[in-house]
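Student: Mind looking over this structure? Questions follow.
Please treat every number below as a calculation from the coordinates, not as lab data. The model shown is predicted, which means the values in this text are computed figures rather than measured ones. Cβ sites come from the backbone with ideal geometry, for glycine too, and all protein chains shown count toward neighbours.
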Amino acid sequence: MSKLQAAGTSARNRYPVAGQSLAGVQLVHWKRRDLIWLVVAAWPVAAPAQQPEMPAIANESSPDPAFAKATAAVNEKLKDSQSARYGAMVRKVGPNVKGKPAEVVCGSVSTRSSSGQYDAKRPFVYFIADGATFLVEANPQPEDVAQIIYGRFCK
């Protein structure tokens with residue numbers, strides 16, 4: 001009999017048997033199902049860390065008042081605000097403006113055309129600090145200021 005067998009190994013595979021010590025170290029064989037149960041049990045603890053801090057999509061029950069202010073400001077720029085449908089709105093911190101980071105709400109809106117169909121989504125930027133609102137035109141030109149601002153703060 002070898003030294004390993006005397007210290008608690010099986011003769012067949014020469015690995016320590018579960019629960020027996022080898023040189024003062026407790027060794028345990030894990031079965032696959034035991035390992036899977038361990039991972040499943042730890043999963044709820046790790047999962048909340050992956051949740052975003054802020055909602056990505058605004059709805060009427062959104063707790064962020066900046067989304068409501070952005071919606072009202074964009075409605076003022078629309079011809080037919082009653083038919084406005086808002087897409088995803090996201091609150092972001094953009095590049096510095098006058099030495100301070102600019103907090104903005106980026107989103108999109110579509111309205112009904114004269115034919116009753118909804119137009120393509122038009123992007124907008126709402127500056128939270130001063131309420132400035134930029135709504136990209138339906139057919140923007142490269143030099144369109146709203147298009148440039150949306151590209152700088154929201155993409």
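Student: Which residues' amide hydrogens lie under 5 Å from the amide hydrogen of residue 97, considering only partners 5 or more residues apart or on another chain, with H built in the peptide plane?
Tutor: 102
Student: If you average the sequence gap of Cα pairs under 8 Å that are 6 or more apart and divide by the length of the stretch 65-154, what percent do you get for the contact order?
Tutor: 25
Student: Follow-up. Is there a pair in 100/121; 69/121; 79/100; 121/155 whose C-alpha atoms are over 22 Å apart, and which pairs would that be?
Tutor: Among 100/121; 69/121; 79/100; 121/155, the Cα-Cα distance tops 22 Å for 100/121; 79/100.
Student: Same structure, new question: For each of 153, 124, count neighbouring Cβ atoms within 10 Å of the residue's Cβ, then give the residues from fewest to most.
Tutor: Ranking 153, 124 by Cβ neighbours within 10 Å, fewest first, gives 153, 124.
Student: Per residue of the stretch 108-122, in order, report the coupling 6.51 cos²θ - 1.76 cosθ + 1.60 (Karplus, θ = phi - 60°) as ³J(HN,Hα) in whole Hz, putting x for Gly and Pro.
Tutor: 9, 9, 10, 10, 7, 8, 5, 7, x, 8, 7, 6, 5, 5, 10
Student: Something else now. Taking 7 Å along the Cα-to-C-beta vector as the label spot, tell me the residue 97-residue 141 distance in nanometres, rounded to one decimal.
Tutor: 2.3
Student: What spacing in nm lies between the two simple spin-label points modelled at residue 78 and residue 114, each 7 Å away from Cα in the Cβ direction?
Tutor: Once both label points are built, they end up 1.9 nm from each other.
Student: From the phi angles alone, apply the Karplus equation (6.51, -1.76, 1.60; θ = phi - 60°) to the stretch 82-90 and give each ³J(HN,Hα) in whole Hz, x where the residue is Gly or Pro.
Tutor: Whole-Hz 3J(HN,Hα) from phi for the stretch 82-90: 5, 9, 5, 10, 9, x, 5, 10, 10.
Student: Tell me, what ³J(HN,Hα) does each residue in the stretch 99-106 have, in order and in whole Hz, if you take phi through Karplus 6.51 cos²θ - 1.76 cosθ + 1.60 with θ = phi - 60° and put x for Gly and Pro?
Tutor: Per residue, the Karplus-derived 3J(HN,Hα) values read x, 10, x, 8, 8, 9, 10, 9 Hz.
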